[in-house]
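Worksheet: the structure to be examined is printed underneath.
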Amino acid sequence: MDVIVTGLLLGGTYALIAMGLNLQYGMARIMNLANGEMLVAGGFVAFWFWTGSQVSPLLTVFLVAPVAFLFNWLIYIIFLRPLVKRAKSRGQLEVDAILTTFGLSFVAVGLMLAFFGGDYFSYSYLSTPVNILGDTYGANRVTAFLSAVIICGALWLWLARSRAGMTIRAISVAPDSARLVGIDVRKTAALAFALGGAVTATGGALISTFLTLDASTGVIFTLKALVIVIMGGVGDVRGTIVAAVLLGMLETFVARVIDPGLTLAAAYLLFVIILLWRPQGLFGRPTT
């Protein structure tokens, strides 16, 4: 039972990490390799407010989210919209976006090193034990998991039920057809990209309560998020949640039962198996 609960808590963390990239890549069609740096930046802000003014990270997210939304909107308008305008195919857009965001990730790392230094940072917040089914877990991990449930559930409902959410889904499925019914594809894509950045930064603020971060760890989170998004199906919120939980359960099982050093190998083995079995991901649409 301990493996199951720990795996669920870890899966919730992974869902927070991957949800933002799913919005950016699946909806806005931008493979953002600087996604992990946005997560670390959100963690830095939460750390700074807690250690400097004792402001709870649960309150800091209400500052982090809108600022990250605006910042990512500007990134899309300044750096990525020109790529979208000139791209003659989705393949060309993906290549250009990968190269551009790869460069932006180095810029982000350099800025964070200049502002925050190169040391690892962590802080104690809600580190009290919580008893679940006879075992104890950190209250900060449980809080991050519950936050992931709320955020992922709200995003799924918003995308599935609201007019704005359905508009974003429309441009992810058929951008050319969306234009025919009056949807401003460029504006909607910018909205999806900015929202993805806000979700990622919020996730960073929450997981910083129990993870140790530094300016250069963003690439690890980007790779994890990319694996989860592709496993679940690009653009599908349900798939991201399921893939995150599967990955969390697998890594926990391998770490507890076999060898902690094999968790990364097991994660990528699951990734390869799913790609061989369902190349479009667990919930993705088959390509035609």
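Scanning segment 225-254 for residues that are out of contact with any Leu (no Cβ under 8 Å at 6 or more places or on another chain), buried (at least 16 other Cβ atoms within 10 Å of the Cβ) and assigned to a helix (DSSP H, G or I) yields a total of 4. Only one of the numbered conditions (1) under 17 Å from the mean Cα position of the chain (by Cα); (2) crowded, with 18+ Cβ neighbours inside 10 Å; (3) more than 30 Å from ILE4 (Cα to Cα) is not met by SER147, and that is (3).
Can you tell me which residue in segment 52-61 is surrounded by the fewest Cβ atoms within 10 Å (Cβ to Cβ), limited to those that are assigned to a helix (DSSP H, G or I) and not small (Gly, Ala, Ser)? Give the derivation first.
The first filter runs over segment 52-61 and keeps only residues assigned to a helix (DSSP H, G or I), leaving 52-53, 57-61.
Then keep just the ones that are not small (Gly, Ala, Ser); that gives 57-61.
On the way: PRO57: 28, LEU58: 15, LEU59: 13, THR60: 22, VAL61: 23.
Going through the qualifying residues, I end up with LEU59.
With respect to the stated conditions, ALA178 fails to be out of contact with any strand residue (DSSP E or B) (no Cβ under 8 Å at 6 or more places or on another chain), free of Cβ contacts under 8 Å to residues at least 12 places away in the same chain, surrounded by fewer than 17 Cβ atoms within 10 Å (Cβ to Cβ) and of a type outside the set (D, E, K, R). Restricting attention to segment 78-117, the residues being within 26 Å of GLY42 (Cα to Cα), of a type in the set (Val, Ile, Thr) and out of contact with any Asp or Glu (no Cβ under 8 Å at 6 or more places or on another chain) number 5.
Looking at ASP119, ASP96, which one is touching a residue at least 24 places away in the same chain (Cβ under 8 Å) and among the acidic types (Asp, Glu)? Spell out the reasoning first.
Details: ASP96 fails: touching a residue at least 24 places away in the same chain (Cβ under 8 Å).
Of ASP119, ASP96, the one residue that is touching a residue at least 24 places away in the same chain (Cβ under 8 Å) and among the acidic types (Asp, Glu) is ASP119.
Whenever a residue of segment 129-141 is under 19 Å from GLY11 (Cβ atoms), its partners that are surrounded by 14 or more Cβ atoms within 10 Å (Cβ to Cβ) and charged (D, E, K, R), lying with C-beta atoms within less than 6 angstrom and at least six residues away or across chains, give the pairs ASP135/ASP2. Looking across segment 4-32 at every residue that is outside any helix (DSSP H, G or I), more than 11 Å from the chain's Cα centre (by Cα) and surrounded by 24 or more Cβ atoms within 10 Å (Cβ to Cβ), the one that is modelled with the highest pLDDT is identified as ILE30.
From the list PHE44, PHE49, pick out the single residue that is modelled with pLDDT of 90 or more, surrounded by fewer than 23 Cβ atoms within 10 Å (Cβ to Cβ) and closer than 26 Å to ILE77 by Cα.
Being modelled with pLDDT of 90 or more, surrounded by fewer than 23 Cβ atoms within 10 Å (Cβ to Cβ) and closer than 26 Å to ILE77 by Cα holds for just one of PHE44, PHE49, which is PHE44.
Results for (1) at pLDDT below 85; (2) under 18 Å from the mean Cα position of the chain (by Cα); (3) within 18 Å of THR13 (Cα to Cα), shown as yes or no for each residue.
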residue	(1), (2), (3)
THR217	no, yes, yes
ILE220	no, yes, yes
LYS224	no, yes, yes
ILE230	no, yes, yes
VAL237	yes, yes, yes
ALA243	no, yes, yes
LEU250	no, no, yes
ILE258	no, no, no
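If we scan segment 119-141, do we find a residue that is within 18 Å of ILE241 (Cα to Cα) and surrounded by 14 or more Cβ atoms within 10 Å (Cβ to Cβ)? The answer is yes; a qualifying residue exists. For first residues located in segment 69-83 and farther than 15 Å from ALA34 by Cα and among the β-branched types (Val, Ile, Thr), partners that are surrounded by 16 or more Cβ atoms within 10 Å (Cβ to Cβ) and modelled with pLDDT under 95 and lie 6+ apart or on another chain with Cβ distances below 7 Å form the pairs ILE77/ALA190. Answer yes if at least one residue in segment 208-221 is out of contact with any Leu (no Cβ under 9 Å at 6 or more places or on another chain), closer than 20 Å to SER89 by Cα and touching a residue at least 12 places away in the same chain (Cβ under 8 Å), and no otherwise. Scanning segment 208-221, I find no residue that is out of contact with any Leu (no Cβ under 9 Å at 6 or more places or on another chain), closer than 20 Å to SER89 by Cα and touching a residue at least 12 places away in the same chain (Cβ under 8 Å), so the answer is no. Only a single criterion out of (1) surrounded by 17 or more Cβ atoms within 10 Å (Cβ to Cβ); (2) in contact with a Phe, Trp or Tyr (Cβ under 7 Å, 6 or more places away or on another chain) is not satisfied by LEU155, namely (2).
The values are calculated or read from the model by the stated rules, or taken from the named source; none is laboratory data. Given the structure is predicted, the values throughout are model-derived calculations rather than measurements. Virtual Cβ from ideal backbone geometry, glycine too; neighbours counted across all protein chains shown.
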